[in-house]
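Rule-based calculations on the coordinates, nothing more; no lab input. This structure is a prediction, so every number in the text was calculated from the model and none was measured. Every residue, glycine among them, receives a Cβ derived from its backbone with ideal geometry; neighbour counts consider all protein chains shown.
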């Protein structure tokens, strides 16, 4: 379609609305920024203590490097774990750090979201 916004149509296919953003399907932005992982996607999880003053963090690596993907996932993991954390783009893709040893909880959350976890 063109860059104009649909005002009125009698075609039922054009009048369907997205269940997530409540916009018309032709103008939906959810499809472009889907948070579903690609097939063959595997996250690598590990525990790290070096250079942190003896404190432990759980790292989830090899994630898609897009902020549209990392920010909601980081927010979900921090709220479920009840601890702080951050995200950044590393040499092997996106990385999420969660404070503390939360490997079991993070593995459970990522599996619920359909993300394969290694480590």
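Under the simplified labelling scheme, the residue 67-residue 19 pair shows an inter-label distance of 3.0 nm, with each label point 7 Å from Cα along Cα→Cβ. The ranking of 88, 69 by Cβ neighbour count inside 10 Å, starting from the fewest, reads 88, 69.
Across the alpha-carbon atoms of the range 42-118, the computed radius of gyration and Dmax are 11.4, 34 angstrom.
Taking neighbour Cβ counts within 10 Å as the exposure measure, how do 106, 98, 60, 115 sort from fewest upward? Write down the numbers at each step before the final one.
Working: 106 21, 98 24, 60 27, 115 17.
Result, fewest neighbours first: 115, 106, 98, 60.
Label point of residue 48 set 7 angstrom out along Cα-Cβ; within the range 71-100, amide nitrogens under 12 Å from it belong to 86-99.
Taking other Cβ atoms within 10 Å as a rough exposure proxy, 74, 112 sort from fewest to most as 112, 74.
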